[in-house]
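Every number in this text was worked out from the coordinates using simple rules, so none of it is lab data. What you see is a predicted model, and the numbers here were worked out from it, not measured in a lab. Heads up, the Cβs are rebuilt from the backbone with ideal geometry, glycines too, and the neighbour counts pull from every protein chain shown.
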Amino acid sequence: MHITFTFKMTQTLEELKSGKLKGLKKLKLACGLSEFPEDILELSETLEVLDLSDNQLTDLPESISQLKHLRILFFARNKFTEFPSVLSKCPALSMIGFKSNQIQKVPENAFPPLLRWLILTDNKIEKLPKSIGNVHLLQKCALAGNLIEELPSEMAGCVNLELLRVSANRLKSIPQWLFELPKLSWVAFGGNPAIGEIQSSNDLEAFEWNDFTIEEQLGEGASGVISKANWNSRNEDVAIKVFKGEVTSDGLPEDEMQICISAGTHDHLIPILGKIKSHPNGRNGLIMKLISSNHANLGNPPSLETCTRDTFDTDAIFSIEDLLKIAKSIASVCAQLHGKGINHGDLYAHNILINEKADCLLGDFGAASFYDINSDFASIIERVEVRAFGCMIEDVLNLIKEKEINNNLHNKWLKLISDCTHNEVKQRLSFWDILTRLDTF
């Protein structure tokens, strides 16, 4: 799961106390705070985004409810042990982040009425409140890396939930109602007892870390760092992903590595060449084919405003031929993955690399999960991901100039999208159905 947002540099407590920040809409303070600064209330008429991550806070005063325009609140890496119920009184609050605290308890009725996006990754939560089922606007919920043993059945009331991360918990079972939620599209559920032991391929050859010379960092995600490297003994340029080892917002890095290996070979997957061994910090890593620099991300991650939908560069334009090629490529690779019991979990344009010929590669398996293809609800797990595919196709279709597509063809695409995003999950197409349909376009 990725999001894009930027803040200006951190402000200081002195600036706040002096009144210099009056009229501010976004405030970021990271200065070892152990108490909520009441001076923040002086911004109650304007403040919309408050980031108090990387402090020492353990609770919040009742007075925070005076911040009547507050929409977005971040408290990552503080010392909360209980989710503050007072936040239910913040009338405009729609996004809350408490990543990497020590939260054990989430009280009943603690969520604000307009909540759309909740981040409780990497805490110690054992139980979710039944009242989460009353948060009808909830679209995005990140709960990976907790101690949750079951999802309350009331959560079936979260009819607008589109993205859910429950990886790396203690779920003993994954209820069928979860996969029947009408809008669920991006779900990660690996690393739970309910999944059982993963029988994955371990026949990938391992190569010594010292046989590689790291040349430059190509990118960094939640689970690891990808670098360009020279494979010395072969005099070959490759890409190496070194996994960080800690739980991410999507799940466990070791699960991602096993799934990358098990996914197999496909024209639209980045080829895996081997594993690394003897890393100086004991890290795991994969050796991958280096993709040419003329590949770029098809889209950009969702923003705070779009919540679950990708964003695109203002000059992004695609042809109808591009769309067909992208759709066939991604449907084909997803059909293979689900045939192996792999749910990608993050099927987004921003996780697809594409070149000027619309050749594309699906990447980023950080949210991927194994599942039993013989289970009772295997087919609906696939159809949850089909909705993500439909959303991605809709986003790209919206970037095609109207003059490039006639009404008849446009209606065929709209029908495909509709059949991929049907509110009745069982009524959606499978990926093989999609491929058959695309052959008629």
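Give, as a single signed number, the net charge of other residues whose beta carbon lies under 15 Å from the beta carbon of E356, with Lys and Arg counted +1 and Asp and Glu -1.
Details: positive: K325, K357; negative: D313, D315, E321, D322, D359.
Net charge in that neighbourhood comes out at -3.
Taking H placed 1.01 Å from N in the peptide plane, check which residues at least 5 places from E236 or on another chain put their amide H under 5 Å from its amide H.
The answer is W231.
Per residue of region 177-189, in order, report the coupling 6.51 cos²θ - 1.76 cosθ + 1.60 (Karplus, θ = phi - 60°) as ³J(HN,Hα) in whole Hz, putting x for Gly and Pro.
Residue by residue, region 177-189 yields 4, 4, 6, 9, 4, x, 10, 4, 9, 10, 10, 10, 9 Hz.
Looking at the chain, do any whole DSSP H helices span at least 27 angstrom along their long axis by alpha carbon and average -1.0 or above on Kyte-Doolittle, and which? Don't jump to the answer; show the numbers that get you there.
On the way: long enough: 320-339 (28 Å, 0.68); 378-397 (29 Å, 0.82).
Helices meeting the span and hydropathy rule in the chain are 320-339, 378-397.
Return the long-range amide H neighbours of K277 (sequence gap of 5 or more, or a different chain), with a cut-off of under 5 Å between placed amide H atoms.
Residues meeting the criterion, in which the H sits 1.01 Å from N, are F207, E208, W209.
Would you work out the relative contact order for region 314-403, in percent, from Cα pairs under 8 angstrom that are 6 or more residues apart? All intermediate terms of the calculation are to be shown ahead of the outcome.
Numbers: 91 pairs, mean separation 35.2, N = 90.
This gives 39 percent for region 314-403.
Would you mind checking which residues have amide H under 5 Å from F318's amide H? H placed 1.01 Å from N; only 5 or more apart, or other chain.
Those qualifying (amide H under 5 Å, at least 5 residues apart or on another chain) are I400, K401.
Test of understanding: extend the Cα→C-beta vector of K89 to 7 Å, then name every residue of region 44-83 with backbone N under 13 Å from that spot.
Output list for this probe position: 60-68.
Give the distance, in whole Å, between the Cα centre of region 74-120 and the Cα centre of region 28-51.
Taking the Cα centre of region 28-51 as reference, the centre of region 74-120 is 16 Å away.
For K127 and D59 in one chain, what is 0.36 nm times their gap in residues minus the Cα-Cα distance, to one decimal in nm?
Working: separation 68, 0.36 × 68 = 24.48 nm, distance 1.96 nm.
Difference between extended and current length: 22.5 nm.
Hey, rough spin-label estimate for W177 and E208, points 7 angstrom out along Cα→Cβ, what's it come to in nanometres?
5.7
If Lys and Arg each add +1 and Asp and Glu each add -1, what is the summed charge of the other residues whose beta carbon sits under 12 Å from the beta carbon of Q176?
Once all neighbours under 12 Å are counted, the net charge is -1.
Using the Cα centre of region 204-247 as origin and beta-carbon charges of +1 (Lys, Arg) and -1 (Asp, Glu), tell me which of S227, F207, V247 is placed farthest towards the positive end of the dipole.
Result: V247, furthest along the dipole toward the positive end.
To check you understand DSSP bridge types, tell me what percent of the beta bridges within the chain (both residues inside) are antiparallel, rounded to 5.
Looking only at bridges with both residues in the chain, the antiparallel portion is about 55 percent.
Compute the label zone of K25 within region 63-107: residues whose backbone N is under 13 Å from the point 7 Å along Cα-to-Cβ.
70-72
Using DSSP to define loop residues, name the trypsin sites (Lys or Arg not before Pro) in region 99-184 whose beta-carbon has at most 16 other beta-carbon atoms within 10 Å.
Details: sites: K99, K105, R116, K124, K127, K130, K140, R165, R170, K172, K183; in loops: K99, R116, K124, K127, R170, K172, K183.
Listed in order of number, the matching sites are K124, K127, R170, K172.
In nm, to one decimal, how far is the N235 label point from the E216 one, both placed 7 Å along Cα→Cβ?
A separation of 2.2 nm, rounded to one decimal place.
Roughly how big is region 88-228's charge dipole about its Cα centre, with Cβ charges of +1 (Lys, Arg) and -1 (Asp, Glu), in debye to the nearest 20? Before the final figure, lay out each step's value.
On the way: 13 positive and 16 negative charges, 215 e Å.
With only Lys, Arg, Asp and Glu charged at Cβ, the dipole is about 1040 debye.
For region 179-285, what's the relative contact order in percent, using C-alpha pairs closer than 8 Å and at least 6 residues apart?
Numbers: 145 pairs, mean separation 30.2, N = 107.
After rounding, I find 28 percent.
Work out the length of the dipole vector of the chain about its Cα centre, built from +1 on the beta-carbon of each Lys and Arg and -1 on the beta-carbon of each Asp and Glu, and round it to the nearest 20 debye. Present the calculation step by step, with values, prior to reporting the outcome.
Values: 45 positive and 59 negative charges, 130 e Å.
Its charge dipole is roughly 620 debye.
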